[in-house]
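Some notes on the structure that comes next.
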């Protein structure tokens, strides 16, 4: 279980609006949830919780590239505080 601490980004594109939060891990074991992402035949993604290095975020397809770049820059500048207020990022659809 995680506890949302603060919203850091709102990402808007032609297809969707996504919100990104800094969260605190409270309890539980990663990858044991019962949410839709763990149901057979649901979505086509792979859901394997994995610890990654923050420096690797810009190079992994975890989130829209604009959000990954903003997060990495904010983290390098502000550390775990990331940013004081939520930032709106306008995205583009990549084909």
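The values are calculated or read from the model by the stated rules, or taken from the named source; none is laboratory data. Remember, predicted model here, so these are calculated numbers, not experimental data. When we count neighbours, we look across all protein chains shown, and the Cβ atoms used for this are built from the backbone with ideal geometry, even at glycine.
So is residue 53 within 27 Å of residue 85 (Cα to Cα) and either modelled with pLDDT of 70 or more or out of contact with any strand residue (DSSP E or B) (no Cβ under 7 Å at 6 or more places or on another chain) (or both) or not?
yes
So how many residues does region 54-89 have that are part of a strand (DSSP E or B), touching a helix residue (DSSP H, G or I) at 6+ places or on another chain (Cβ under 8 Å) and exposed (fewer than 14 other Cβ atoms within 10 Å of the Cβ)?
Selection size over region 54-89: 0.
May I ask you to list the residues in region 1-40 that are at pLDDT below 80 and either closer than 23 Å to residue 54 by Cβ or not in a loop (DSSP other than H, G, I, E, B) (or both)?
Scanning region 1-40 gives 1, 28, 29, 30, 31, 36, 37, 38.
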